[in-house]
Amino acid sequence: MSKQEKMELDLVIPSTLVQSDGHLRRSNSAPMINGLSDNSQVFHREILRSRRNSTTVVNRPNMVPSSPIRVPSTRLHQIKREEGVDVMNRETAHEREVQAAMQMSQSWEESLSLGVWPILGHQSLKNRIRGTAVSDNDFEKSASSSPKRIDFVPVSPAPSPTRGIGKKQCFSPSLQILVSSNGLSPSPIPSPTRRFSRRSQSPINCIRPSILGPIKRKGEMMEMESQPKRLFHGTTTMLSSDLPTPQQLTDFNSCLCPPDVLDGSLSSVGSSTGSPAKMEGVSECPSSSNSPFTPLHDHSPK
Amino acid sequence: MAGAGGGSNDVQWCFSQVKGAIDDDVAEADIISTVEFNHSGELLATGDKGGRVVIFQQEIENKSQPQCRSEYNVYSTFQSHEPEFDYLKSLEIEEKINKIRWLPQKNAAQFLLSTNDKTIKLWKISERDKRPEGYNLKEEDGRYIDPNTVTALRLSRNEYCTHQQKSEDGAGPADKNKEGQFDKIQVPVFRPMDLMVEASPRRVFANAHTYHINSISINSDHETYLSADDLRINLWHQEITDRSFNIVDIKPANMEELTEVITAAEFHPHQCNTFVYSSSKGTIRLCDMRASALCDTHSKLFEEPEDPSNRSFFSEIISSISDVKFSHNGRYMMTRDYLSVKIWDLNMESRPVETYQVHEYLRSKLCSLYENDCIFDKFECCWNGNDSVVMTGSYHNFFRMFDRGQRRDVTLEASREGSKPQQVLKPRKVCADGKRKKDEISVDSLDFNKKILHTAWHPQDNVIAVATTNNLYIFQDKVN
């Protein structure tokens, strides 16, 4: 697949013109972009809008299409659009990398010709440079060919194994709340050290209660009406008024920590080192090495 | 009970339960995106736009009240997918659960596959009702006892001791030796505890789809499954996450030539080599994996020639198939396009054997439905347990059932007004012309924001789950 895309890049003359309104525009339109307007002859003018049902949000403010004619917003046309824009993106990125590499090779050339690196006096640095570039000419060659070898960011980043979602999520049907894996309700004190910063704009950082689930409703046959006839051995103090909100859930390690480690370590560590380190005691429990994520290799279906 | 009253007119459907918020202000994350019963019907899973999965369990039938059948209560809930970001394309990857499919049960735990646009996950749902208790690994001040001082392992049958219960004079079981150090470790015993349902991700199948995954389907060989996106279908092994086979690829060399996308795919329920996929042009292709490794060439092509009198500008859009489902017996398949449900005999490719109009009164409104994007809604469809009745959703929270044997159909509504316990659902009717009878609804007063896209039918009983935007309705037939 990448071969084909490279061929497409070669065919298109990569010169762009910036219009007066600030939109990037090709000097000669690639066929695929022209093709989009074939189906749009009957439509009245309307700004292109992304489909309500579309499953990705195209979030590029500078990618307002040049044509104001409305295109049918089916998945088919969306893919065609995205593929077309991708070519432009890749092209821009390619140019940037070529320029950066040329600058790099220029600066290296200067430093090598001036004999800078003996001045650095760093033996390991010298050895490293010697190892990679036999001569100045060779280094230039490798620099000019390096843009092709730059690795792209993988398409979908593998989820970080430190995220809470990788761990077990335990739910108690009788209590209708999420619980920690050792059976106790999660501690009502949230730990600031265990929050995971999120890149996306979604406000959640851990599970929010689903509206279908454990929320009391008036006038509806509630799941909690029939009391479960199951033994309950949890500590009642945890269950009293401070039922934690889901935002206060922390991830507890599963199955390897004995239940009273939680209480014991919290109090002992907390007393000596202060509150932020409270959860550190829990995390010291050997994390399950049976990580659910097997090593992921990037591969394309072809 | 099961299948005896398959006819939609013999069966009286009545309200059983509704799950979800009452208020009209719908949070985006609460929109239900998929509903699926497991193979026994005991569990009902829903996925929503916020990436969560909620599983309901049917409680054991209450013998004292034979009138009301058992109810579904929340059994487990977990966060299946999280929003991600594709840095290469600057696109957000939604966490919305597109499909959930249950694996056949092999042991005490339950397994399901859930997928968003890019990643499929295998979840294990298991129960835990015991926990180990009786550790005495710590001294009074909370420090762990020194393992070097341990000299013996004590097994206690009926009781467990913590360090507080030690008797100082050594009369009872004592863990401390003469120097006051703990030297006996207690073997913990399992005690019953409140039932806890654990959900853990066992496999993550990622990085195999460039486009959006719209379907997953588990093979009858119980080992493999397929995932389909807009242009490709991949075959996975349930145990192997780092590779998959691409079996269908309709991406043309020149994207300009792209004319259709894959909209749904499913494995045959009994033949592990056969699967079908539907397209946005209204065609269904049946492929046999024994024929070749790449199934780009179909074995059968199901396409109904277009009725020239009905041709309009929107013909191609409304012919796009949004769902395809095999019947349980494997002889038929059902497809749902925007206005109709079609049942195909797998042996006849030229035309469907049955066609049911879901909401033909919308045909004259296609222009305005295009304006508000409703023409792109993807309705699903389902069979009942013995393949005699099919069901699909419509607008205004209506859903339709078609009895194949009796050639009858009924329109029912999922609404809060009809939500009294055991209340029998009244058939609804939409009148297309101006002469509106009593209790009918005219087409112009239909609420197109209230749509039922996802429905599911219990594999054996007459119990159905119908998802409105953010509520889940459960209806059953009237038990007399």
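Taking the charge dipole of chain B about its Cα centre, with +1 at Lys and Arg Cβ atoms and -1 at Asp and Glu Cβ atoms, the residue from B:324, B:45, B:269 reaching farthest to the positive side is B:269. Residues of the stretch B:384-410 with an amide N closer than 16 Å to a point placed 7 Å from the Cα of residue B:328 along the Cα-to-Cβ direction: B:384-391, B:402-405.
Between residue B:23 and residue B:220, the modelled labels are 4.9 nm apart [label points 7 Å from Cα along Cα→Cβ]. Applying 1/(1 + (r/R0)^6) with R0 = 45 Å to the Cβ-Cβ distance of residue B:189 and residue B:39 gives a FRET efficiency near 0.80.
Only helical runs count toward this figure. For chain B, summing -39,500 (n - 2.57) over DSSP H runs of n ≥ 4 and dividing by all residues gives -500 deg cm²/dmol at 222 nm.
Given a cut-off of 21 Å, name the pairs among B:99/B:121; A:168/B:89; B:451/B:478; B:19/B:365; B:19/B:96; B:99/B:429 whose C-alpha atoms lie farther apart than that in the structure shown. List each step's numbers first, then the result.
Working: B:99/B:121 11 Å; A:168/B:89 31 Å; B:451/B:478 25 Å; B:19/B:365 32 Å; B:19/B:96 19 Å; B:99/B:429 31 Å.
Result: A:168/B:89; B:451/B:478; B:19/B:365; B:99/B:429 exceed 21 Å.
Extension gain for residue B:460 to residue B:146 (0.36 nm times residue separation, less C-alpha to C-alpha distance): 107.1 nm. With each label modelled as a point 7 angstrom along the Cα→C-beta vector, the residue B:364-residue B:272 pair spans 5.4 nm.
From other protein chains only, count the Cβ atoms within 10 Å of every residue's Cβ in B:247-259, then give the mean. Mind showing how you got there, number by number?
Details: counts 1, 1, 3, 0, 6, 0, 3, 5, 13, 11, 2, 7, 1.
Mean inter-chain Cβ contacts per residue within 10 Å come to 4.
Of interest is the spacing of the C-alpha centroids, which for the stretch B:264-333 and the stretch B:340-387 amounts to 13 Å.
Checking the a/c ratio against 1.5 first, then a/b against b/c, what shape does the Cα gyration tensor give for the stretch B:25-139? Note, shape of the stretch B:25-139 comes out oblate. Mean partner shielding of peptide B:87-98, defined as the number of other chain Cβ atoms within 10 Å of each residue Cβ, is 6.
To the nearest 20 Debye, how big is the dipole of the stretch B:232-338 about its Cα centre, given +1 on the beta carbon of each Lys and Arg and -1 on that of each Asp and Glu? Before the final figure, lay out the partial values.
Numbers: 11 positive and 16 negative charges, 67 e Å.
The dipole of the stretch B:232-338 has a size of about 320 debye.
When ranked by the protection proxy of mean other Cβ atoms within 10 Å per residue, highest first, what sequence do the peptides B:275-283, B:444-452 form?
Values: B:275-283: 22.2, B:444-452: 15.2.
In descending order of packing, they fall as B:275-283, B:444-452.
Each label was represented as a point 7 Å from its Cα along the Cα-to-Cβ direction; for residue B:312 and residue B:442 these points are 1.9 nm apart.
Readers should treat all values here as calculations from the given coordinates under stated rules, not as data from a laboratory. Keep in mind that what you see is a predicted model, and the values were worked out from it rather than measured. Cβ sites come from the backbone with ideal geometry, for glycine too, and all protein chains shown count toward neighbours.
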